[in-house]
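The values are calculated or read from the model by the stated rules, or taken from the named source; none is laboratory data. Computed from a prediction, not measured in an experiment: that's the story for all the values here. Cβ placement follows ideal geometry from the backbone for every residue including glycine, while neighbour counts extend to all protein chains displayed. SASA here: full protein model, heavy atoms, side chains in, ligands and nucleic acids out. Shrake-Rupley method; radii C 1.70, N 1.55, O 1.52, S 1.80 Å.
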Amino acid sequence: LGSWGHEFVRSLAGEIGQEYNARVISGSDPDDDSAFEDLLEMVNVIVPFHVSHNAEAEAVDLLIEIQRLKKMLELDVIDEKNYERICLYLVKTADFMSDPDDLFEMLETAYEIFRNQHQYLDALRVALRMHNDEAVPVLLEECQDRTMKKQMCLLLGRHRVPLEI
């Protein structure tokens, strides 16, 4: 895929989005993967290509367009070098989502990526933004760094979230 170049892959991703929308308009169920198997096969190749070639925003945009953002959590190419760009893009783009379900899905994806990368303070910030109070004790329990726990408690205090430790 890389031998064809980034512009070709970017163009192909745009065409996949258009084809997906055309199928949804023609009556295909967006939640049923069987109607989109051929597109999802290409997406499973394009998204890791984008992420591994510093085009994380394009990978996220493609997954948002085909309503499969949770596939981002299945990628093994997300590491300490690129998770910050992915999560920053997800959190900042979430502000522009008109559908509350899409907003929640974007923030939930960012939260899970932060947790997987052991960035508990950032995961806590996202959890507080989602009003996910159940995540707070889980994050505090998972975090092993005493200094980070203090920072998390300070953040909870500033947000006036009561918590018994």
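Regarding I25, is this residue at pLDDT 90 or above, open to solvent by 50 Å² or more (accessible area, probe 1.4 Å) and of a type in the set (A, V, I, L, M, F, W, C)? Before the answer, list the steps.
Numbers: at pLDDT 90 or above: yes; open to solvent by 50 Å² or more (accessible area, probe 1.4 Å): yes; of a type in the set (A, V, I, L, M, F, W, C): yes.
In short, yes.
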Discussion item. Can you pull out every residue in the range 6-23 that is touching a Phe, Trp or Tyr at 6+ places or on another chain (Cβ under 7 Å) and without any contact (Cβ under 8 Å) to a residue 24 or more places away in the chain?
Written reply: R23
Worksheet item: Is there a residue being among the aliphatic types (A, V, I, L, M), closer than 18 Å to E112 by Cβ and in a helix (DSSP H, G or I) anywhere in the range 20-35?
Response: no
Worksheet item: Considering F49, F8, which residue is assigned to a helix (DSSP H, G or I), out of contact with any Asp or Glu (no Cβ under 9 Å at 6 or more places or on another chain) and open to solvent by 60 Å² or more (accessible area, probe 1.4 Å)?
Response: F8
